[in-house]
Amino acid sequence: MRSPVAVAAFWIGLYLMATLLPLLVLLFYPPALDQGRNWWTEFSVALGFIGLAMMALQFALTARINRIEASYGVDIILQFHRYISLVAVGLILLHPLILFVDNPETLALLNFPAAPWRARFAVLGTLALLALVITSIWRKRLAIPYESWRILHGIFAVAALTLGLAHALGVSNYLGLFWKVVLWSAIAILALWLLIYVRVIKPWLMLKRPFLVETVIPQRGNVWSLVLRPKGHEGMPFQPGQFAWITLDISPFRMREHPFSMSSSAEQPDRLEFGIKALGDFTNTIKDVKPGTKAYLDGPYGVFTIDRYEDAAGFVLVAGGIGITPMMSMLLTHADRQDERPFLLIYASQTWEDITFREELEALKEKLALSIVYVLRKPPEDWSGETGYVDQELLSRHIPKRRGSRQYFICAAPKMMDQVEAALHRLEVPIDHVQMEHFNLV
Ligand SMILES: Cc1cc2nc3c(=O)[nH]c(=O)nc-3n(C[C@H](O)[C@H](O)[C@H](O)COP(=O)(O)OP(=O)(O)OC[C@H]3O[C@@H](n4cnc5c(N)ncnc54)[C@H](O)[C@@H]3O)c2cc1C
């Protein structure tokens with residue numbers, strides 16, 4: 001098996017090649033049509049082309065391609081998507097800015113009614129790009145609901161890419177030759193194809209493998225367990241800790257799906273359970289879902305799984321609130337596998353009554369080498385256990401002295417995750433032994 005670092009390095013190499021190769025191809029013989037242009041013009045054009053190639057690649061990053069996700073995990077890919085978009089937008093904006101400074105006469109191209117179409121494409125493409133960035137960075141502040149934002153995001157992205165390409169083809173200094181036009185058009189077509197794959201082909205595949213709601217079980221802490229059974233197929237094999245995108249009671253083509261971690265045992269792929277906390281529009285409806293309701297799953301995804309660490313001597317799981325769901329799947333799976341390696345679960349909740357899956361966890365102690373440290377923010381009066389926050393002192397009281405002998409998994413609210421990660425770092429837990437799952441992708 002190839003090491004995860006080698007696989008990750010391979011994808012980074014491929015990304016750089018895919019970004020720079022189209023530019024290098026443009027420089028091949030025969031050279032640009034207009035040879036009299038100065039260095040700054042050429043430089044700004046190169047930035048524009050690199051930015052355009054990076055934008056096209058964004059479609060691949062967000063197409064949920066299993067092989068890429070298996071190397072990094074979805075939150076790292078989306079993080080990369082966010083940061084690299086800013087770099088691409090920066091490069092694309094620098095392209096006209098350099099031209100305007102180097103040759104102020106080019107400012108006339110901003111006069112929309114009088115400008116040629118190639119310049120109008122550039123202006124419209126840039127506006128689409130700015131709208132894309134603004135609605136993404138300030139989605140919550142602009143009060144754009146997640147579902148509407150997702151549709152807008154797709155529209156702005158396609159508009160920015162096609163208008164950018166139309167601009168490059170219109171200028172045609174580097175794209176004057178037929179085969180170069182074919183190459184750049186192929187890049188854009190590939191990007192659009194990925195969009196069609198995500199929006200049409202994937203939903204169609206999901207339609208052919210439906211699930212039915214078996215039951216909805218109320219749990220402690222305002223959580224509801226949604227239990228699904230496959231209809232006409234063998235279910236969805238997964239690794240404990242992974243998640244899937246769920247579409248409930250509507251066609252998967254509607255693209256109104258939500259990510260949830262499986263909370264059941266991976267040894268039973270024909271009975272999937274999801275622990276869902278009622279927090280918003282969609283999650284508040286789970287309690288009313290009727291048995292027999294159709295559900296569609298896109299998954300499994302994610303690298304937050306103990307199955308990637310077969311050599312680990314044991315595991316430390318740190319969960320906060322609903323972050324218990326992937327941990328639950330890990331524990332149930334290992335109980336089914338009769339795995340004897342030790343588990344330490346440090347589990348933060350508001351109150352004793354709020355502890356989701358409390359009874360199931362206690363029962364698991366009989367089947368696994370499992371110790372549980374409950375940490376309560378509002379403990380009852382007779383509570384003698386841990387209270388407050390999961391900080392360095394608390395962790396040092398419980399985690400094994402030989403820090404590197406275990407793999408550590410953290411899933412909680414963002415602030416708690418950051419604090420636990422920093423505390424583990426100070427306690428000299430090796431960085432590659434700490435795995436995290438963020439429930440807030442956007
Ligand atoms: C990998 C992963 C695993 C998760 N596992 C669980 C789990 O096991 N149990 C659980 O209760 N929650 C889980 N979540 C969180 C869950 O997806 C959100 O709470 C849920 O989608 C919120 O939807 P809502 O409409 O009820 O809330 P809203 O109030 O509409 O949204 C609250 C916030 O949730 C996020 N969100 C909303 N809709 C989506 C969507 N379609 N896709 C992605 N994010 C969205 C947005 O940041 C939004 O601002 C997980 C999230 C991720 C990323």
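Which residues, counting only those in the range 311-353, are within 16 Å of the ligand (Cβ to nearest atom) and not hydrophobic (A, V, I, L, M, F, W, C)?
Hits for the range 311-353 are Gly320, Gly321, Gly323, Thr325, Pro326, Ser329, Thr333, Tyr347, Ser349, Gln350.
Restricting attention to the range 391-405, report how many residues are touching a helix residue (DSSP H, G or I) at 6+ places or on another chain (Cβ under 8 Å) and small (Gly, Ala, Ser).
1
Which residue out of Thr41, Thr135 is modelled with pLDDT under 90 and in the same structural domain as Ser185 (by TED's automatic domain parsing)?
Working: Thr135 fails: modelled with pLDDT under 90.
So the residue among Thr41, Thr135 that is modelled with pLDDT under 90 and in the same structural domain as Ser185 (by TED's automatic domain parsing) is Thr41.
I need the full set of residues from the range 207-244 which are out of contact with any helix residue (DSSP H, G or I) (no Cβ under 6 Å at 6 or more places or on another chain), open to solvent by 10 Å² or more (accessible area, probe 1.4 Å) and part of a strand (DSSP E or B), in order please.
Leu212, Glu214, Thr215, Val216, Ile217, Pro218, Gln219, Arg229, Pro230, Phe243 - these are the residues of the range 207-244 that are out of contact with any helix residue (DSSP H, G or I) (no Cβ under 6 Å at 6 or more places or on another chain), open to solvent by 10 Å² or more (accessible area, probe 1.4 Å) and part of a strand (DSSP E or B).
Search the range 138-167 for residues that are more than 28 Å from Ile189 (Cβ to Cβ) and pair each with any residue that is open to solvent by 50 Å² or more (accessible area, probe 1.4 Å) and within 12 Å of the ligand (Cβ to nearest atom) when their beta-carbon atoms are under 8 Å apart and the residues are at least 6 apart or on different chains.
Arg139/Tyr146; Arg139/Val442; Pro145/Asp281; Tyr146/Val442
Val316 is checked against (1) surrounded by 18 or more Cβ atoms within 10 Å (Cβ to Cβ); (2) closer than 23 Å to Gln219 by Cβ and fails just one. What number does that condition carry?
All conditions are met except number (2).
Would you please list the contacts, defined by Cβ atoms under 7 Å and residues six or more apart or on different chains, that run from a residue in the range 278-297 that is of a type in the set (S, T, N, Q) to a residue that is near the ligand (Cβ under 8 Å from one of its atoms)?
Thr283/Ile276; Thr283/Lys277; Asn284/Ala278
Against the definition (part of a strand (DSSP E or B), in contact (Cβ under 8 Å) with a residue 24 or more places away in the chain and either among the hydrophobic types (A, V, I, L, M, F, W, C) or assigned by TED's automatic domain parsing to the domain that holds Leu78 (or both)), how does Phe274 come out, yes or no?
Values: part of a strand (DSSP E or B): yes; in contact (Cβ under 8 Å) with a residue 24 or more places away in the chain: yes; either among the hydrophobic types (A, V, I, L, M, F, W, C) or assigned by TED's automatic domain parsing to the domain that holds Leu78 (or both): yes.
Answer is yes for this residue.
Does the range 262-284 hold any residues that are near the ligand (Cβ under 8 Å from one of its atoms) and open to solvent by 10 Å² or more (accessible area, probe 1.4 Å), and which are they?
Within the range 262-284, Lys277, Ala278, Leu279, Gly280, Asp281, Phe282, Thr283, Asn284 qualify.
Residue by residue through the range 392-442, note down the ones that are away from the ligand (no atom under 16 Å from the Cβ), open to solvent by 10 Å² or more (accessible area, probe 1.4 Å) and assigned to a loop (DSSP other than H, G, I, E, B).
Filtering the range 392-442 for residues away from the ligand (no atom under 16 Å from the Cβ) gives 392-408, 418-434.
Filter once more, keeping what is open to solvent by 10 Å² or more (accessible area, probe 1.4 Å): 392-393, 396-398, 400-407, 418-419, 421-422, 425-428, 430-434.
The answer is Pro400, Lys401, Arg402, Arg406, Leu427, Glu428, Pro430.
The values are calculated or read from the model by the stated rules, or taken from the named source; none is laboratory data. All figures in this text were calculated on a predicted structure; none of them were measured in a lab. Cβ atoms come from the backbone with ideal geometry, glycine included; neighbour counts cover every protein chain shown. All accessible areas refer to the heavy atoms of the entire protein, side chains included, with ligands and DNA or RNA removed. Shrake-Rupley method; radii C 1.70, N 1.55, O 1.52, S 1.80 Å.
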